[in-house]
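Please read the structure below before turning to the comments.
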Amino acid sequence: MAHGDLSLANRVAMAPMTRSRTDQPGDRPNALMAEYYGQRATAGLIITEGAPISAVGRGYSMTPGIYTQAQIVGWRQVTDAVHAKGGKIFVQLWHVGRRSHVSISGEQPVSASAIKVFDQVYGPLPEGGFGMIETSAPRALSSDEIQYTIADFVQAAKNAMEAGFDGVELHGAHGYLIDQFMRESSNQRTDEYGGSRDNRMRFMLDVTRSVAAAIGGDKVAIRISPFVIEGDNQVDPEIIELTLEAAAELQKLNLAYLHLSENISNCQEVPEQFRQQLRAVYRNPIMVAGKYTQESGEAILAKGYADLVAYGQPFITNPDLVSRFKYGIELTPVGYDAHAAFYGGGAEGYTDYPAAELPK
């Protein structure tokens, strides 16, 4: 598959997954992470775990940032490892907004509006160690702070280019900051970034346009999740219309792809009508992710509703997922042990899954 300057060996992508294995202090990517991503370089495209664009953008402990020079150097190990094996890799740029805690970000979390909902994130426990903790109440970003945040996204994208990435994916899904601006329940602003659908999509479009202007639209993607409710408790009555209207604007930027996250958390099934409506307004590559199998992935590609299918957990236990698909080799299941090693730890449950022996 080819689009712009991005040429991929296949249509199987590795979805972004938080694994929390950075070096401390400083949340620096390391050699273990380079090995992990390098093992999975046969994916047509790897999207890294979310990389916070700033300290206040951080919402999970031990996640790899992309806002210090030490982090850039650490990420270079990762991109070198993937490129050495012929792979392509985008970094996911992440600002969690209100989905954080003061003990993680070092300050009060920020959002479109000062609205707290019940939510938990991975952070330091009072008794020591790490686990799921309740988020802190957020404060609303000022108009000036919104512009500073857009600048943080742009700088993070430039840092990604310095670190050797092939591109960046903006995390606009799962109830994080960009998503918080898009939904009525989390955005009660009365300025140009709140109220109407045009205003609620403005932050997402301003970020995407600014990043595309800085590094080139063909090196930029964005992930959205209009049919998923996460970090919130309300269905937005306008999110589908807003998404389609925003997609028409994104089409003008000639992005690398638009990434739809589906079938996780509190979700609705994506209706075929939406896929048809999206294709009508967005003709550049579309990626889908969310509990796809090889068969269902091939089916949505065949219908023309997607150009790439991203797999998450299957890539944890099957670093050679592409080969297993190609040769019909049984997948190593994601069992209890794999779940226990999702966040934190070392090589166990991370880089110790073997590749299958290929047929001769």
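Computed from the coordinates by the stated procedures, all read-outs in this text should not be read as laboratory data. None of these values were measured; they are calculated from a predicted model. Using ideal geometry, Cβ is built from the backbone for each residue, glycine included, and neighbour counts are taken over all protein chains shown.
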### Cα-Cα pairs of region 213-343 separated by more than 19 Å (percent)
57
#### Entry: Nearest-0.05 FRET efficiency for D80 and Q234, computed from C-beta distance (R0 45 Å)
0.55
### Message
Using 0.36 nm times the number of residues separating S210 and S142, minus their current alpha carbon distance, what extension gain do you get?
### Response
22.6 nm
### Summary
As a Kirkwood estimate from alpha-carbon pairs, region 1-111 has a hydrodynamic radius in angstrom of 14.4
### Task
Take every DSSP beta bridge with both residues inside the chain and express the antiparallel ones as a percent of the total, to the nearest 5.
25
### Task
Measure up K88/K158; K219/K252; K158/K252 against 20 Å on the Cα-Cα distance and list the ones that go over.
K158/K252
### Message
From the Cα trace of the chain, what convex hull volume per residue do you get, rounded to a whole Å³?
### Response
127
### Task
Could you work out the mean projected area of the convex hull around the alpha carbons of region 263-309, in square nanometres to one decimal?
3.3
### Task
Can you check what the net charge comes to around A173, using other residues whose Cβ is under 11 Å from the Cβ of A173 (Lys, Arg +1; Asp, Glu -1)?
-3
#### Entry: Label-to-label distance, nm, for residues given as I115 and A302 (7 Å Cα→Cβ offset)
4.2
### Query
Roughly speaking, what is the centre-to-centre gap between region 245-289 and region 102-165 when only Cα atoms are used, to the nearest Å?
26
### Query
What is the Rg over Rh value, at two decimals, for region 118-175, using alpha-carbon atoms and the Kirkwood definition of Rh?
1.09
#### Entry: Centre separation in Å (Cα based) which lies between region 171-201 and region 1-61
26
### Message
I want the antiparallel fraction of DSSP beta bridges within region 168-302, as a percent rounded to 5.
### Response
15
### Query
What is the magnitude of the charge dipole of the chain about its Cα centre, with +1 placed on the Cβ of each Lys and Arg, -1 on the Cβ of each Asp and Glu, and no other charges, expressed in debye to the nearest 20?
600
### Message
Let me see the P(r) profile for region 84-160: every Cα-Cα distance counted, bins of 10 Å, each bin given as a percent of all pairs.
### Response
17, 37, 29, 14, 3
### Query
With each label point set 7 Å from Cα along the Cα-Cβ vector, what nm distance links N10 and E272?
2.8
## Note on the structure
Placing each pseudo-label 7 Å from Cα in the direction of the beta carbon, V334 and A355 end up separated by a distance in nanometres of 2.2
### Task
Find which of Q155, S143, G131 sits farthest along the positive direction of the dipole of region 111-257, computed with +1 on the beta-carbon of Lys and Arg, -1 on that of Asp and Glu, about the Cα centre.
Q155
## Note on the structure
Sorted by chain and number, the residues with a modelled amide H under 5 Å from that of E169, at a separation of 5 or more or across chains, are V91, Q92, L93, A221
### Query
What is the spread of the Cα atoms of region 230-304 along each of their three principal axes, largest first, in whole Å?
33, 32, 21
### Message
Over the Cα atoms, compute the radius of gyration (one decimal) and Dmax (the largest Cα-Cα distance, rounded to a whole number) for region 141-237, in Å.
### Response
13.8, 41
